[in-house]
1. Can you tell me which residue among ILE57, ILE67 is closer than 19 Å to LEU126 by Cβ, open to solvent by less than 20 Å² (accessible area, probe 1.4 Å) and either part of a loop (DSSP other than H, G, I, E, B) or touching a residue at least 12 places away in the same chain (Cβ under 8 Å) (or both)?
2. Going by the structure shown, is ALA91 open to solvent by 60 Å² or more (accessible area, probe 1.4 Å), of a type outside the set (Val, Ile, Thr) and at pLDDT below 95?
3. In the range 160-182, how many residues are open to solvent by 10 Å² or more (accessible area, probe 1.4 Å) and either modelled with pLDDT under 70 or assigned to a strand (DSSP E or B) (or both)?
4. Residue check, SER85 against (1) under 19 Å from ASP34 (Cα atoms); (2) part of a helix (DSSP H, G or I), all met but one. Which one?
5. Here is a check on your reading of the model: is ALA156 under 16 Å from the mean Cα position of the chain (by Cα), surrounded by 18 or more Cβ atoms within 10 Å (Cβ to Cβ) and part of a helix (DSSP H, G or I)?
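The values are calculated or read from the model by the stated rules, or taken from the named source; none is laboratory data. Note that the structure is a prediction, hence the values are computed from the model and not measured. Methodologically, a virtual Cβ is constructed for each residue, glycine included, from the backbone with ideal geometry; neighbour enumeration extends over all protein chains shown. Side chains included, ligands, DNA and RNA excluded: accessible areas come from the protein's heavy atoms. Shrake-Rupley method; radii C 1.70, N 1.55, O 1.52, S 1.80 Å.
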Amino acid sequence: MKGKVALVMGGGAGTGRATAMAFAREGARVVVADINETLAQKTVGLVRAAGGEALAIRADMAQAADIQAVMDVARTTWGGLHLVSNNAAAAPPNQSLTGITEEQWDRCMSVTLRGVWLCLKYELPLIEASGGGAIVNVASLSGLRGDPHQGAYAAAKGGVLALTKTAATEYARRGVRVNTVCPGGIATRGMEFYLQGMPELRQKTMDIHAMGRLAEPSEIADAVVYLCSDRASFITGHDLVVDGGVLVRSNVIDPSTL
């Protein structure tokens, strides 16, 4: 990826930060965009401390003007854009479908689905003009199978899967590949906040993974970087599940007891 320009939307922490650092290790210059500029700057500091090149910009994925500003920075600073991870999302509090408010639903959709569409709207032409490249939208197992008490998030991520396939089809002969990564549980600060104070839920969350653990952010980042690399040059419109075996985990037999 040496000489390429990469962008991580939502690169201020967790999987986004790990992805920015992984892009940099592969030689890319990285634009780190996040609604929290302080966190984005911290990611940039970590990239630079490891010998990479990066810059930070504040951006809200729900705002078209912010996305356009990110494209302008990539173009004017480093001449274009080649590789992207659209990582940012907004999940509402756990609520049933009948309990979630319209405001919570709309906020989730505005970032998690509409935000990805806005990113694609402005990223695709710039990548094509820069000579081609790849985009990975970070989706979720929730978008593949639904998720109790997270109906808005599941619906938004399901929309991301369909949107990704549409973009892949439209740009397959224009030099841009578009795929998704669908993670299972990830050991991030957000997950820790979700699980704290509920030890029984923590164990159940571990147990739904056949591997009995959550992913490290770097493991999801490695999948994103692979799909953006030339090693994945014949892959587009694909949903790569990186879930530690959630989808194959038996709810009937615990293999560890056999």
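1. So the residue among ILE57, ILE67 that is closer than 19 Å to LEU126 by Cβ, open to solvent by less than 20 Å² (accessible area, probe 1.4 Å) and either part of a loop (DSSP other than H, G, I, E, B) or touching a residue at least 12 places away in the same chain (Cβ under 8 Å) (or both) is ILE67.
2. When the stated conditions are applied, ALA91 passes them.
3. Of the residues in the range 160-182, 1 are open to solvent by 10 Å² or more (accessible area, probe 1.4 Å) and either modelled with pLDDT under 70 or assigned to a strand (DSSP E or B) (or both).
4. Evaluating SER85 over (1) under 19 Å from ASP34 (Cα atoms); (2) part of a helix (DSSP H, G or I) leaves (2) as the failure.
5. yes
Matching residues to (1) at pLDDT below 95; (2) on the phi > 0 side of the Ramachandran plot; (3) open to solvent by 70 Å² or more (accessible area, probe 1.4 Å):
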residue	(1), (2), (3)
ARG75	no, no, yes
TRP78	no, no, no
SER85	no, no, no
SER96	yes, no, no
GLY99	yes, no, no
TRP105	yes, no, yes
